[in-house]
Amino acid sequence: MKKSKRKVLDSLIKEGDKLNFDNNRRPGTDLNGHLIYYSDASIELNSWVSKVEHFIRLNYNNDSGPLKAFKLVDQTKFSGNYRESFNKELAKLKGAINSCQEIEPNKEGVKNDIINLISSKLFWFVILSISTTVGTIAYKMGESNGKEMNYIKDKQLDQLKDSINILNRKKAG
C-alpha cells in the first residue's frame, strides 16, 4: 500500500478508536420510566462512517473482504438503539477498516474501468444495437415524412388550382 493511503488508513483507524457508545448516546426512558440510553450518532461518527466508506469503495472492488464487510454494517443501528446493537455494528465497521491493514487495495483506477468497459463485447453489442435501432427509426421517420410532405404539397397545389379556377370563372362570368 502506498504511504499516502497507509497514512489515511492509520488516521481512520485512530479516529475510529475514539468512537464508542458513550460518546454517541442520548438519555431516554424505558416503559417503566427508568433512565436508559439510546444510540445517537454524533457528527463525528457520521463523518467517520462516510470517510471509511469512501476509503473502502475507492480502494477495494466488490469482491474484496473490506467492501463485503462494510456492506454488512447496518448503519440504522447507530441511532435509536440499545448499546448492544450499536456496539455490534460499530465492531463490524471497525473490522472492515482494520482489515485494510492486511489486505492490499485491489481496485483498479477509473482509467482501467473505462478500458475494461470499452474492451467488453457486451458494451459493443449494446452500442451496436442502440445505433441500429436509432438508425432504423430515423430512416422510417424520414421515409414517412417524405411521403406525408408530398401528400401535403399535392393537396395544397390542388387547393391552389381550385382557387385559381374559381377566380378565373368569376373573372369570365
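The values are calculated or read from the model by the stated rules, or taken from the named source; none is laboratory data. Source: prediction; values computed, not measured. With ideal geometry, Cβ positions are generated from the backbone for all residues, glycine too; neighbour counts draw on all protein chains shown. Quick note on the areas: whole protein, heavy atoms, side chains included, nothing else; ligands and nucleic acids left out. Shrake-Rupley method; radii C 1.70, N 1.55, O 1.52, S 1.80 Å.
Laid out as a table, the results:
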quantity: Unique residue being surrounded by 10 or more Cβ atoms within 10 Å (Cβ to Cβ) and modelled with pLDDT under 80 when the list is I130, I97, I103, I115; calculated: I115
quantity: The lone exception for L45 - which of (1) closer than 16 Å to I97 by Cα; (2) open to solvent by 40 Å² or more (accessible area, probe 1.4 Å) it fails; calculated: (2)
quantity: Some residue of region 7-14 being small (G, A, S) and open to solvent by less than 70 Å² (accessible area, probe 1.4 Å); calculated: yes
quantity: Residue check for L31: open to solvent by 90 Å² or more (accessible area, probe 1.4 Å), assigned to a helix (DSSP H, G or I) and at pLDDT below 95; calculated: no
quantity: Matching residues, region 68-80, being surrounded by fewer than 19 Cβ atoms within 10 Å (Cβ to Cβ) and not hydroxyl-bearing (S, T, Y); calculated: K68, K71, L72, D74, Q75, G80
